[in-house]
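The values are calculated or read from the model by the stated rules, or taken from the named source; none is laboratory data. Keep in mind that what you see is a predicted model, and the values were worked out from it rather than measured. Cβ atoms come from the backbone with ideal geometry, glycine included; neighbour counts cover every protein chain shown.
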């Protein structure tokens, strides 16, 4: 656990210190430690408002961060802040990504092949069957299932992924040391063995209705796409779909009877342009996920090289022709094209034709 983790813990428990303010402070001071130890005058010079300055200084004067960090370690909780090498890469790309994540279990590189399955807490038999079938088939294709551990669709999706031998991530609206709903305690333990329980709320945070809508941005941010299975016309699942659209991620919806209130939400999404799901193939094909298992195997056998990382960085801004990449990377064109072929095999880049390549955000 990095030595700077305790400062991110301090930011996390400071009221009013959200992502935008933290980013501005880090940009101004350079790192978390300097922000934490800055004087009130310097914080004001950095643009931090008076109320938040007082809140930060109060936490700094009254909270023993070493003690908080020790509790985190004692509970076997991992911390991932923005600059941690293992912070989920897909979540890092969204503008409102949480500065700090708490995790019980493991988050691994292959979890970037993830799809969120969300829906009502009161599904019909149809909804349960669809959630179970989609989660099972996606997991068998090497896709990590992301959901929120809630009753209903979330619970079915997590359990089906585990039963299929796959991975699943549960994003909580409370601390990772608080299991809600309580009847999912056994499922939560299984998730930590087959994925992770994740939250951006401090340890000990109790479930509260206002916590759940914001956590949905993490569900979306971790995922290639969000699938709404059953949901009312004004459901939290639709909030997740809204976040997915804002994040530039795909939104899928399972159509249902026009007479079923549980299908009002997904039917509404389809009318607004979401991709209807008639089978798991609709998701696998649209997201090009059938190659996920092969890409994972290639990455495990052939770790990314320094040369490959240079080309990946060159492609972060926009698609480029192989000749342009060769110039930017300072590499012979033959080496560039052979490296691009390897990156295609690993699922990092896509050949758009005409020797134009782009970094794959969907893989």
message: Please determine whether any residue of the stretch 47-59 is surrounded by 13 or more Cβ atoms within 10 Å (Cβ to Cβ), closer than 15 Å to residue 6 by Cβ and not assigned by TED's automatic domain parsing to the domain that holds residue 200.
response: yes
The listed residue being part of a loop (DSSP other than H, G, I, E, B), assigned by TED's automatic domain parsing to the domain that holds residue 138, surrounded by fewer than 17 Cβ atoms within 10 Å (Cβ to Cβ) and modelled with pLDDT of 90 or more, out of 256, 273: 273
- prompt: Wholly within the stretch 38-120, which strands (runs of 3 or more DSSP E) include no fewer than the required count, namely at least 2 residues that are over 18 Å from residue 224 (Cα atoms)?
  reply: 78-81, 100-105
- line: Of the listed residues (96, 154, 133), the one being surrounded by fewer than 24 Cβ atoms within 10 Å (Cβ to Cβ), closer than 25 Å to residue 181 by Cα and not assigned by TED's automatic domain parsing to the domain that holds residue 18 is 133
message: For the structure I just gave you, tell me whether residue 115 is within 29 Å of residue 166 (Cβ to Cβ) and in the same structural domain as residue 189 (by TED's automatic domain parsing).
response: yes
field: For residue 294: the one exception among (1) surrounded by fewer than 16 Cβ atoms within 10 Å (Cβ to Cβ); (2) modelled with pLDDT of 95 or more
entry: (2)
field: Filter result (surrounded by fewer than 21 Cβ atoms within 10 Å (Cβ to Cβ), in contact with a helix residue (DSSP H, G or I) (Cβ under 7 Å, 6 or more places away or on another chain) and part of a helix (DSSP H, G or I)) within the stretch 200-242
entry: 212, 213, 239
message: For the stretch 20-41, give me the residue count where each residue is closer than 21 Å to residue 83 by Cβ and either in the same structural domain as residue 200 (by TED's automatic domain parsing) or surrounded by fewer than 17 Cβ atoms within 10 Å (Cβ to Cβ) (or both).
response: 10
query: Which ones in the stretch 247-256 are over 14 Å from residue 120 (Cβ atoms) and in contact with a helix residue (DSSP H, G or I) (Cβ under 8 Å, 6 or more places away or on another chain)?
result: 247, 249, 250, 251, 252, 255
message: Taking the condition of being assigned to a loop (DSSP other than H, G, I, E, B) and modelled with pLDDT of 95 or more, how many residues in the stretch 276-291 meet it?
response: 3
- prompt: Limited to the stretch 312-325, what total is found for residues that are crowded, with 18+ Cβ neighbours inside 10 Å, in a helix (DSSP H, G or I) and at pLDDT below 90?
  reply: 1
statement: The number of residues in the stretch 169-199 that are buried (at least 24 other Cβ atoms within 10 Å of the Cβ), assigned to a loop (DSSP other than H, G, I, E, B) and in contact (Cβ under 8 Å) with a residue 60 or more places away in the chain is 1
